[in-house]
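Contents: one structure, followed by commentary.
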Amino acid sequence: MGGLSADFLIVGAGAVGLATALELTRRGARVTVLDRAAGGTESTWAGGGILSPLLPWQYGDAVNALSEYSRGMFPEWLARQEAMSGLDAEYLTSGMLVLPPFQQALAVDWCARHGWRCETRPGAELLPGAAEALWLLDVAQARNPRLAQVLRGAAEAAGIRIVAGAEVTALVVERNRVSRVVTTRGDCSADAFIVAAGAWSGVIPGLDHLAARIFPVRGQMLLFKLAPETLPCIVLQNGAYLIPRKDGHILAGSTLEYRGFDKSTTDSARRDLQAFAAGILPALRDLAPTRHWSGLRPGSPDNIPLIAAHPDYANLYINSGHFRYGVTMAPGSAMLLADLIEGEPPAIAAEPYAAFAVEASQSGLLV
């Protein structure tokens, strides 16, 4: 890989990195993407793919502004990537049933002000035995592993070079600019650099100060297989969820664990997730999961990602720290950063996503 050069070099080939590469390429740039592993195999692959903050009325304006901006463009954006790749991410507006306890007045008010269709209805109409619930009709999902394939295929079709197994071991800085990165597969230069390495953004040598702003949060998931349409919609209760896929697979998730970069799975999480799943869908009580895995989200204070120019290096940008909503926010984050790079007025205020420092008052994390 020695001597490889581009207009932009992006570190990280997950949903956010590839969405950024695709947007910059659409605007005429030459882009290379590096990934320490295979690309799209970390939180992009591991997540559930619910295309919404779980309960948006529990989040601040910064999370909702970016997620709503991104959600609004998601169907058209994804259709474009699917057409380029020839693949299907299984985008589906399945709706989400929120079971008690929930803040009904707050939820209904927020939905009315933001144009979300929300109904309070007997949950049993959709799920036998369920109590009165909130029914969010417009919540959509994508199947994460297939979305990763779609984005990679679209990137390759767009002429973006993706280099796997290229872990960054050093940034070479000259006159307050990054001139090249040193990787396990050789050096790579570019006019500008973008870090979209998810939970690993703060372990890149020279960017360790980001570790207080972007950090790993483990999430464990179970996968079950039933007949298609056994579960008609996403079901959420007390922060845990079941997600039905078109072919009958059902995901149960997920934990929130601060264990550093430990990606192991635990028997206790398996028991808790299966108990939750069986409480919603009794058919899962005695059914062994077909798979149990964990992934590392790029955690951030209050779930607010960092999307901004680096304050110390004139040609370095960060697009990371999306916590639970990297897939949801990917197209909007890519558009926002591309606008900032080009000096165009962004569609939403950029200031909330430029906080590199973590204030002591922000020690509490909303998850």
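Annotations for the structure displayed:
- Boolean, Ser85 is polar (S, T, N, Q) and within 14 Å of the chain's Cα centre (by Cα): no
- Residue tally, condition farther than 13 Å from Ala330 by Cα and either without any contact (Cβ under 8 Å) to a residue 40 or more places away in the chain or of a type in the set (Ser, Thr, Tyr) (or both), over the stretch 31-75: 3
- Residue satisfying condition, being in contact with a helix residue (DSSP H, G or I) (Cβ under 6 Å, 6 or more places away or on another chain) and touching a residue at least 12 places away in the same chain (Cβ under 8 Å), within set Leu210, Leu223: Leu210
- The stretch 94-120, residues that are surrounded by 13 or more Cβ atoms within 10 Å (Cβ to Cβ) and in a loop (DSSP other than H, G, I, E, B): Ser94, Gly95, Leu99, Pro100, Phe102, Gln103, Trp116
- Those residues of the stretch 309-354 which are acidic (Asp, Glu) and assigned to a helix (DSSP H, G or I), in sequence order: Asp339, Glu342, Glu351
- Only residues that are assigned to a loop (DSSP other than H, G, I, E, B) and in contact with a Ser or Thr (Cβ under 6 Å, 6 or more places away or on another chain) were counted across the stretch 125-159, and they come to 3.
- Single match in Thr290, Thr265, Thr328 (criterion: touching a His at 6+ places or on another chain (Cβ under 7 Å), β-branched (Val, Ile, Thr) and at pLDDT 95 or above): Thr265
- Scanning the stretch 29-42 for residues that are modelled with pLDDT of 95 or more and hydroxyl-bearing (Ser, Thr, Tyr) yields a single hit, Thr32.
- Taken residue by residue, the stretch 15-37 has no member that is crowded, with 23+ Cβ neighbours inside 10 Å, within 12 Å of the chain's Cα centre (by Cα) and part of a loop (DSSP other than H, G, I, E, B).
- Within the stretch 280-301, residues that are under 24 Å from Gly198 (Cα atoms) have Cβ atoms under 7 Å from residues that are of a type in the set (Asp, Glu) and outside any strand (DSSP E or B) in these pairs: Gly295/Glu42; Leu296/Glu42, counting only partners at least 6 apart in sequence or on another chain.
- Being crowded, with 16+ Cβ neighbours inside 10 Å and within 24 Å of Arg36 (Cβ to Cβ) is a condition met by no residue of the stretch 226-247.
- Tally, over the stretch 171-207, of residues that are outside any strand (DSSP E or B) and more than 22 Å from the chain's Cα centre (by Cα): 6
- Just one of the numbered conditions (1) aliphatic (A, V, I, L, M); (2) closer than 21 Å to Tyr241 by Cβ; (3) not in a loop (DSSP other than H, G, I, E, B) is not true of Ala89: (3).
- Residue within the stretch 268-284 that is out of contact with any helix residue (DSSP H, G or I) (no Cβ under 8 Å at 6 or more places or on another chain), over 26 Å from Leu55 (Cβ atoms) and of a type in the set (Asp, Glu) present: no
The values are calculated or read from the model by the stated rules, or taken from the named source; none is laboratory data. As the structure is a prediction and not an experimental result, all values here were calculated from the model. Because the Cβ atoms are built from the backbone with ideal geometry, glycine has one as well, and the counts that use them run over all protein chains shown.
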